[in-house]
Amino acid sequence: MLRSVNELVGYSLEAQDGNIGKCWDFLFDDKFWTIRYMVADTGKWLPGRKIIISPIPLGEPDWSAQAFPVRLTKKQIENAPGLDEAEPVSRQHEIRFFRYYGWPYYWGGAHVWGAVAFPGLLFDRKLAENELSETGTGDEHLRSAREVTGYYIQAMDGDIGHVEDFIVDDEAWIIRYLIVDTRNWLPGKKVLVAPDWIDSIDWSGKQVVVDLTRQKIKESPEYDPKAPVNREYEERLYDFYGRPMPAIQPPDQTEEDCLRKMSVN
């Protein structure tokens, strides 16, 4: 399903042997627009410490209780490589993180999650011997959703508003849309912009430029936060802009495959 990132912030995180805190932020890569980590505020469990949780061990959320099951023990999570909030999550840190859990790296393969379409399918897979020698340096384009919220959105011919939130596929963890608040231009109207429609991003200037005109955005289907973003709405949105609809999932990996795999754990 498609969910608002802001809706998920604050959800409790339940390890196999107890609560580990609440969801505080998400880190996504700006190349594939895929959420790679959830940042958890550990509260009273590990006071003053924030940890990262990959979508790989996340189970099916309890939407009514606003809770994510985490298929790990508290000890496993506590002993995982720590997160320095003053520094970006580097590729070296990711390598240490994935080696610790023994999961395959997601950055090699045909899909956004490496060899598979959904992160849950990596949970029972093992890190290959040929991956152990991999090295890397620097920040691999991981961005904080909290930080990017508020960035200005610029159309081809002028400003249109700012990033208010994100819409994410809660199975593949791909960001499908940016929610744009146009209050300073079109009071009361919110619109959705797909990452594929972004022309460029000025990270230092905190500005996103889209390859759309202000008039086209003004006439686009309005986003209603109270209504679900369903296939019908998406088809109407893409048809309005004359853009091809993205595939729901790669043809060789179905949602049922992922859920069946996760249900046995």
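Among the GluC sites (Glu not before Pro) within segment 148-245, those in coil by DSSP and having at most 15 neighbouring Cβ atoms inside 10 Å are E222.
Per residue, segment 52-182 exposes an accessible area of 42 Å² to a 1.4 Å probe, with every protein chain left in place. Ordering Y151, W107, P119 by Cα displacement along the dipole of segment 92-199 toward the positive end leaves P119 in first place; charges were set at the Cβ atoms of Lys, Arg (+1) and Asp, Glu (-1). Carbon-plus-sulfur accessible fraction, the chain (probe radius 1.4 Å, protein heavy atoms only): 48%. The amide H of R176, built 1.01 Å from its N in the peptide plane, has I167, V168, D169 as neighbours under 5 Å, considering only residues 5 or more places off or on other chains. About its Cα centre, segment 50-179 has a charge dipole of approximately 580 debye under the convention of +1 per Lys or Arg Cβ and -1 per Asp or Glu Cβ, with nothing else charged. The slack in the chain from E60 to D211, taken as 0.36 nm per residue of separation less the alpha-carbon distance, amounts to 50.8 nm. Report, in listed order, any pair from K206/K226; K74/K126; K50/K190; K190/K216; K189/K216 with a Cα-Cα distance greater than 25 Å. Where the Cα-Cα span goes over 25 Å, the pairs concerned are K206/K226; K50/K190.
Taking the dipole about the Cα centre of the chain, with the C-beta of Lys and Arg at +1 and of Asp and Glu at -1, give me whichever of I201, G82, V229 is farthest to the positive side. With unit charges placed on the Cβ atoms, the residue in question is G82.
For D239 and K50, a Förster radius of 35 Å and the Cβ-Cβ distance give a FRET efficiency of 0.25, rounded to the nearest 0.05. With N as its number of residues, segment 117-239 has a Cα radius of gyration that, divided by 2.2 N^0.38 Å, comes to 1.29. Along each principal axis, taking the top coordinate minus the bottom one, the Cα set of the chain gives 53, 40, 40 Å in descending order. For segment 1-67, rounded, prolate or oblate, judged on the Cα gyration tensor with a ≥ b ≥ c (square roots of eigenvalues), a/c < 1.5 rounded, else prolate if a/b > b/c? Here segment 1-67 falls in the oblate category.
If R0 equals 45 Å, the separation of the Cβ atoms of E232 and E87 corresponds to a calculated FRET efficiency of about 0.55.
The values are calculated or read from the model by the stated rules, or taken from the named source; none is laboratory data. A quick note: this is a predicted structure, and the numbers were derived from the prediction, not measured. Positions of Cβ are backbone-derived with ideal geometry, glycine not excepted, and every protein chain shown enters the neighbour counts. Just so you know, the surface numbers come from the protein's heavy atoms only, side chains and all, with ligands and any DNA or RNA stripped out. Shrake-Rupley method; radii C 1.70, N 1.55, O 1.52, S 1.80 Å.
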